[in-house]
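Chemist: Quick one: the structure is below, questions incoming.
Laboratory data are not the source of any read-out in this text; all were calculated from the coordinates shown. Computed from a prediction, not measured in an experiment: that's the story for all the values here.
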Amino acid sequence: MRTAVVTFTLAAVVIVLLPGPDTLVVVRSLVRHGRLRAVLTVGGVLTGLAVWVAAAALGLSALLRASENGYTALRVVGAVYLVWLGVRSLRARSVGGADPLLVDGVDTVVVPGRRGHAALLVVAGRVTGWMNDPRIRRRLERVTGVILIGFGLRLAVERA
């Protein structure tokens, strides 16, 4: 039992740390809306992951494996959501000018109770000026949209 818990924990950590659709959504949120929105997006992603890990630990993943219909429904919903995010990203209009959450090019958002920010958010603060270029933002939106649609389509055609 102990070995199973340790193995599960290590696998969960590796899965959470690998970049994927979650990372793209956070970066997209950061570029479009600034650090505060990205921090909130990270909170949402982590909440979703915590719920998924808890459900897996409680046996929901085994139940979904046993129920082909349940697994298929969850997979299709996830695929539709990723494609929807991708299409929204492709259809986004380029926003010119400075980010409304930035004051004089300096990100002023502070996460309560934390002295430091996640590495992604710190690094992103240094390239905010570059990201405010409407052409760069539009290209990033397009790349993000195509990748999210690709993840969604891959998930849609995946077999159990």
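Chemist: Please list 3J(HN,Hα) in residue order for the stretch 147-153, calculated via the Karplus relation 6.51 cos²θ - 1.76 cosθ + 1.60 where θ = phi - 60°; whole Hz, with x for glycine and proline.
Modeler: Going residue by residue, I get 5, 5, 5, x, 4, x, 5 Hz, with x marking Gly and Pro.
Chemist: Another one. Determine the gain in length on full extension of the stretch ASP133-ARG65; use 0.36 nm per residue of separation and subtract their C-alpha separation, reporting nm with one decimal.
Modeler: 19.9 nm
Chemist: Short version: ³J(HN,Hα) in whole Hz for each residue of the stretch 31-46, in order, from phi by Karplus 6.51 cos²θ - 1.76 cosθ + 1.60 (θ = phi - 60°), x for Gly and Pro, what are they?
Modeler: 5, 7, 10, x, 5, 4, 5, 5, 4, 5, 5, 4, x, x, 4, 5
Chemist: Here's something else I'd like to know. Taking 0.36 nm per intervening residue step and subtracting the Cα-Cα distance, what contour gain separates ARG91 from ALA54 on full extension?
Modeler: Here the segment from ARG91 to ALA54 would lengthen by 9.8 nm.
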